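Working notes, beginning with the structure itself.
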Amino acid sequence: MKIEFYRHNINNQDIRSVNKAMREIFLSTGKRVDGFEKNFAKYLNCQNAVGVTCCTGAMHLSLEAFGVGPGDEVITTPLTFVATSNAIIHSGAKPVFVDVEPATGNIDANLIERAITSKTKAILPVHLYGQMVDMKKIRRIADKHKLKVIEDAAHCVEGQRDGVRPAQLSDAACFSFYATKNITCGEGGAIALNDAEMAKTLKKMRLQGLEQSAYERYDKKFSSSDMTVDGWKYNMNNLQAALLTGQLARIEKLWQRKDKIARKYEKAFTGIPGIGFPKTLPQIKHARHLFTLWVAPEKRTLIREELQKRGIPTVINYWPAVHLMSFYRKKYGYKPGDFPVAEAISERTITLPLYPKLENKEIDFIVTNVLDVVKKLL
Ligand SMILES: *Cc1c(COP(=O)(O)O)cnc(C)c1O
C-alpha cells in the first residue's frame with residue numbers, strides 16, 4: 001500500500017464553480033470574494049472577514065493595521081511554522097518567544113506576562129495543530145497591559161475552546177487556505193474580526209492602500225482611486241473564492257471525518273511504550289488539522305525512514321523550533337536551551353497523514369505499521 005501524505009477535497013461542484021468564475025469579467029477581487037467573506041464570517045459567527053492571498057499576509061496586514069511597527073515587540077510561540085514570526089518581522093517589530101505547554105505544545109499563557117516589556121504591542125498565539133490556546137486568559141493579560149491579540153488560526157477554522165471560537169476574543173484572527181490546510185485554494189488566506197471600520201481599512205491595505213478596487217469602480221465611468229493608507233498586494237481573487245465557497249459549505253462534514261480518524265489514532269496509540277502525543281483538553285473542539293506523535297528523538301529519523309519504506313510518508317511540524325533557525329539565531333542571539341519545552345517537542349514530533357479522504361483500510365495500515373516499527377526500534 002502507498003499512502004499519500006495529503007489529498008485535498010476539491011470536488012466537481014467546486015471545479016464547475018471555478019469554471020463559471022473564469023467566464024466572468026472579473027478574475028481578480030470581486031463579488032465572489034465578497035460572497036466568500038460573508039459566508040466565512042457567518043461560519044465563524046463573527047462580523048467581518050477580509051480575503052487575502054495567504055495567512056502570512058493576513059498576519060502582516062493585521063499587525064500593520066493595529067499600529068505594530070519598528071521598535072515594538074510581539075510575543076509569540078517558537079513551536080510554529082516560520083510564517084508566524086516572519087510576519088512580525090515584516091511589520092518591522094521583534095518577535096519575542098515564550099515557551100509552550102508540555103501537554104499540548106501551545107504557547108504557555110502562564111509565561112506570557114514575564115515576557116512583556118514597555119515595547120510589547122501585541123500577542124500572536126498559534127492554535128497548534130488545531131487545538132485552541134486559552135483565549136480567555138490571553139485576552140485578560142492583553143487587556144491588563146493594553147496589548148492587541150492577533151490569532152494565527154491557520155490550523156483552526158473549525159476549533160473552539162470553552163465555546164470560544166477564533167476571532168471572538170482577539171482583535172483579528174488569521175487563516176490560511178494553503179494547499180494542505182483544512183479548506184484550500186492552493187494559496188489563500190483571510191482575516192476575521194469584529195470591527196467594521198478596521199475591516200474597511202484592511203480591505204484598502206490588502207490592495208495598495210487604494211480607496212476602491214477595479215471592481216468597485218466598474219460602474220462609475222472613468223473614476224480613479226486615491227491612495228489613503230499604506231498598502232500591500234494581498235487581495236484574494238474571484239477564482240480563489242469560487243474554489244473555497246463549496247468547501248466552506250461542507251466544512252463540518254469534512255471535520256467530522258477528520259475527528260473520527262484522529263480519535264482512532266488516539267485510541268490506538270494510548271499507553272503504547274515509546275509513543276506519546278499531544279493531549280486534547282476536555283473543553284476543546286479540536287479542528288484536527290494535524291495529528292502528531294512523540295517518539296524518542298534519537299529514533300525519530302529511523303522510524304520515519306522505516307515508515308517511508310513501508311509506503312507511509314510523514315512530515316515534521318516543526319523542527320527546528322523557530323528560534324533555532326539560523327536567521328533567528330544570528331539576528332536575535334537565540335540559542336538551544338532558550339525554550340526547552342518547545343525544543344523537546346520539536347525533536348520528538350512526527351506528523352501522520354490526516355485528511356477526510358483517508359480510507360479505513362489506510363488508517364489501519366498506518367496504525368499497524370507505526371506500532372510495529374516503534375516496537376522493533378524500541
Ligand atoms: C500554513 C501556516 C501559516 C502560513 O500560511 P500561508 O497561507 O502559507 O501564508 C502560518 N502559520 C501556521 C501555523 C501555518 O501552519
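Of note:
- Within segment 255-296, considering residues that are more than 18 Å from MET132 (Cβ to Cβ) and assigned to a strand (DSSP E or B), the one nearest to the chain's Cα centre (by Cα): LEU293
- The number of residues in segment 310-330 being farther than 23 Å from LYS264 by Cα and over 25 Å from the mean Cα position of the chain (by Cα) comes to 1.
- The numbered conditions (1) open to solvent by less than 10 Å² (accessible area, probe 1.4 Å); (2) more than 12 Å from the ligand (Cβ to nearest atom); (3) part of a strand (DSSP E or B) are all true for PHE175 except (2).
- Residue match in segment 202-221 (condition: of a type in the set (A, V, I, L, M, F, W, C), open to solvent by 60 Å² or more (accessible area, probe 1.4 Å) and either within 16 Å of LYS31 (Cβ to Cβ) or touching a residue at least 24 places away in the same chain (Cβ under 8 Å) (or both)): no
- Within segment 62-94, tally of residues that are among the hydrophobic types (A, V, I, L, M, F, W, C) and within 13 Å of ALA122 (Cβ to Cβ): 9
- Among the residues making up segment 184-220, those that are over 18 Å from SER91 (Cα atoms) and among the small types (Gly, Ala, Ser) are GLY186, GLY188, ALA192, ALA196, ALA199, SER213, ALA214.
Here is a yes/no grid of residues against (1) open to solvent by less than 90 Å² (accessible area, probe 1.4 Å); (2) within 16 Å of the ligand (Cβ to nearest atom):
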| site | (1), (2) |
| --- | --- |
| ILE10 | yes, no |
| GLN13 | no, no |
| ARG16 | no, no |
| ARG23 | no, no |
| PHE26 | yes, no |
| THR29 | yes, no |
| ARG32 | yes, no |
| CYS46 | yes, no |
| THR53 | yes, yes |
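- Residues being open to solvent by less than 10 Å² (accessible area, probe 1.4 Å), away from the ligand (no atom under 12 Å from the Cβ) and not in a loop (DSSP other than H, G, I, E, B) - total across segment 148-172: 2
- Every residue from segment 180-201 that is of a type outside the set (Ser, Thr, Tyr), in contact (Cβ under 8 Å) with a residue 24 or more places away in the chain and open to solvent by 40 Å² or more (accessible area, probe 1.4 Å): GLU187, ASN194, ASP195, ALA196
- Among the candidates ALA103, ALA115, the residue that is open to solvent by 10 Å² or more (accessible area, probe 1.4 Å), over 20 Å from THR292 (Cα atoms) and away from the ligand (no atom under 16 Å from the Cβ) is uniquely ALA115.
- Once segment 127-147 is narrowed to residues that are in a loop (DSSP other than H, G, I, E, B) and open to solvent by less than 20 Å² (accessible area, probe 1.4 Å), the residue that is nearest to the ligand (Cβ to nearest atom) is HIS127.
- Cβ-Cβ contacts under 8 Å between residues 6 or more apart (or on different chains), taken from a first residue in segment 26-45 that is free of Cβ contacts under 8 Å to residues at least 40 places away in the same chain to a second residue that is outside any helix (DSSP H, G or I), are listed as LYS38/ALA49.
- Checked against the criterion of being buried (at least 20 other Cβ atoms within 10 Å of the Cβ), away from the ligand (no atom under 16 Å from the Cβ) and of a type in the set (Lys, Arg), segment 315-333 contains not a single residue that satisfies it.
- Answer residue from segment 184-222, given it is within 12 Å of the ligand (Cβ to nearest atom) and assigned to a loop (DSSP other than H, G, I, E, B) and is nearest to GLY67 (Cα to Cα) among those: GLY188
- Restricting PHE36, PHE81 to residues that are of a type in the set (Phe, Trp, Tyr) and surrounded by 24 or more Cβ atoms within 10 Å (Cβ to Cβ) narrows the list to PHE36.
- Count of residues meeting criterion [of a type outside the set (Lys, Arg) and within 14 Å of the chain's Cα centre (by Cα)] in segment 161-185: 14
- Filter result (outside any loop (DSSP other than H, G, I, E, B) and not aliphatic (A, V, I, L, M)) within segment 223-251: LYS233, ASN235, ASN238, GLN240, THR245, GLY246, GLN247
- Among (1) at positive phi; (2) open to solvent by 10 Å² or more (accessible area, probe 1.4 Å); (3) within 15 Å of the ligand (Cβ to nearest atom), the one test that ILE89 misses: (1)
- Any chance LYS260 is modelled with pLDDT of 95 or more and over 30 Å from ASN12 (Cβ atoms): no
- For segment 106-134, a residue qualifies if it is in contact with a Lys or Arg (Cβ under 6 Å, 6 or more places away or on another chain) and closer than 17 Å to GLY71 by Cα, and exactly one does: ALA122.
The values are calculated or read from the model by the stated rules, or taken from the named source; none is laboratory data. Treat the numbers as computed from the prediction; the structure is a model and nothing was measured. In this analysis, Cβ positions are derived from the backbone assuming ideal geometry, glycine residues included, and neighbour counts consider all displayed protein chains. Surface areas here come from the heavy atoms of the whole protein model, side chains and all, with no ligands, DNA or RNA. Shrake-Rupley method; radii C 1.70, N 1.55, O 1.52, S 1.80 Å.
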